[in-house]
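Inspection log for the structure reproduced underneath, given as structure tokens.
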Ligand SMILES: O=C(O)[C@H]1O[C@H](OP(=O)(O)OP(=O)(O)OC[C@H]2O[C@@H](n3ccc(=O)[nH]c3=O)[C@H](O)[C@@H]2O)[C@H](O)[C@@H](O)[C@H]1O
């Protein structure tokens with residue numbers, strides 16, 4: 001190979017190496033530049049993500065901040081009742097807080113300030129009105145679920161609003177909302193009536209009983225125990241806790257460990273849960289075992305209510321009989337008597353002893369029967385309705401399906417009488433007369449109702 005050629009070749013090689021070196025540097029620069037852009041973009045995305053996260057999830061340690069944020073989001077997102085009025089009256093807003101305070105403030109010296117859960121319900125609406133009437137502060141709480149016709153609940157709400165009782169629309173399982181209520185108002189009492197009711201429906205929708213009667217109750221107790229001052233709590237248990245008990249009449253001393261339905265089991269669980277919160281946190285707790293409550297503004301899922309409807313529509317009704325072909329009987333209790341029992345229990349409830357989640361001493365723990373002390377067979381209930389409606393029922397006698405029912409209930413109420421003078425005064429015929437009068441008026445029915453439904457004693 002000629003020398004010059006060799007020299008040329010080595011020059012070319014060097015040149016190529018130099019060029020490749022330059023290309024390398026250039027590509028590295030390009031690479032560096034693009035990684036910088038990538039790095040900055042990543043940083044930006046991360047910042048945005050952190051910002052979004054911070055907005056959506058405030059620090060959990062600050063429960064009040066979390067509650068405020070949660071409420072802000074709810075009011076921002078909410079539709080219907082609250083958002084349709086004005087943004088300032090949405091949950092957590094200034095106008096909302098004002099309504100909550102006004103409704104909860106007693107109008108008489110030393111009046112109670114009561115949070116009534118289930119205030120749009122049957123017993124809840126009656127109790128709210130009674131408390132308001134004597135000058136207590138009442139704030140309602142209800143989720144307006146559709147277990148039965150929600151328009152009846154809305155009608156009850158209207159009735160309460162006319163008496164300046166405000167119902168906050170919310171669920172028992174909404175901790176931040178409940179905490180917010182206690183931040184705004186130092187309630188002296190809770191009358192806890194919100195629940196999944198109905199004995200037979202538990203076979204169709206068991207989870208709803210767990211969600212309301214157990215999880216919801218525990219959530220409410222958690223909020224109450226942490227409140228300062230802690231409220232005293234009166235709540236609705238049920239005659240169904242006696243289950244397969246055969247001793248008669250039912251006394252608070254009797255066995256309640258044989259529930260016949262999931263409904264009964266959740267109410268019994270409630271009584272045990274109440275014991276726990278009383279024991280650990282010093283909450284004052286009173287459970288009231290209601291016995292088949294009936295009356296005006298009642299629950300459409302109950303037999304007396306849908307029997308009335310079906311009789312008027314000429315539909316046949318099932319009348320249950322026991323497996324050994326005996327009549328089934330209930331200690332039907334009129335709503336006004338139950339209201340007196342609830343108010344008596346509230347008035348005699350001692351203060352909770354704890355504060356801010358700490359027990360400071362032994363607190364009151366009570367359970368009472370609230371019944372009528374006079375069981376009536378379902379067949380007799382139907383005869384009374386036939387008389388009041390002026391229509392014969394198409395009766396279909398069948399064996400009681402195995403769906404959680406018990407053959408009879410009968411209350412001994414001497415304990416409630418001793419402690420707060422509870423004494424039922426309305427028999428089934430008088431109570432049903434008031435119910436039928438309300439029913440035909442509310443549903444605008446023109447039945448062949450006998451004159452006695454407009455009896456002077458009617459005051460429903
Ligand atoms: O005291 C309670 O703790 C419970 O009372 C109420 O339960 P119950 O006493 O079962 O009332 P309710 O359904 O009106 O049946 C009445 C009678 O009619 C019979 N019944 C019922 C339906 C039917 O089609 N035919 C029939 O004969 C039936 O066998 C029964 O003998 C509440 O609903 C419940 O929420 C809870 O509070």
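Values in this text are rule-based calculations from the coordinates and carry no lab data. Here the structure is a predicted model, which means the values were calculated and not measured. Reconstructed Cβ throughout: ideal geometry from the backbone, glycine too, with neighbour counts over all protein chains shown.
For 277, 408, 242, which order do you get if you count the other beta carbons within 10 Å of each Cβ and list the fewest first? Please list the in-between numbers first.
Values: 277 26, 408 19, 242 29.
If I rank by nearby Cβ atoms, fewest first, I get 408, 277, 242.
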Expressed in nanometres to one decimal, the distance between label points 7 Å along Cα→Cβ at residue 415 and residue 146 is 4.0 nm
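Which order do 437, 358 fall in if you start with the one that has the fewest other Cβ atoms within 10 Å?
Values: 437 20, 358 14.
Going from least to most buried by this count: 358, 437.
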Report the FRET efficiency, 1/(1 + (r/R0)^6), for residue 380 and residue 203, where r is their Cβ-Cβ distance and R0 is 41 Å, rounded to 0.05. 0.95
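Of all beta bridges DSSP finds with both residues in region 264-393, what is the antiparallel percent, to the nearest 5?
35 percent
Taking every DSSP beta bridge with both residues inside region 155-302, roughly what % is antiparallel (nearest 5)? Working shown, then result.
Working: 0 of 10 bridges.
Here the antiparallel bridges make up roughly 0 percent for region 155-302.
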Can you put 410, 126 in order of Cβ neighbours within 10 angstrom, beginning with the fewest? 410, 126
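Assuming 0.36 nm per residue, please report the length gained on full extension of the stretch residue 272 to residue 184 beyond their Cα-Cα distance. Walk me through the numbers on the way to the answer.
Working: separation 88, 0.36 × 88 = 31.68 nm, distance 2.98 nm.
Result: 28.7 nm gained on full extension.
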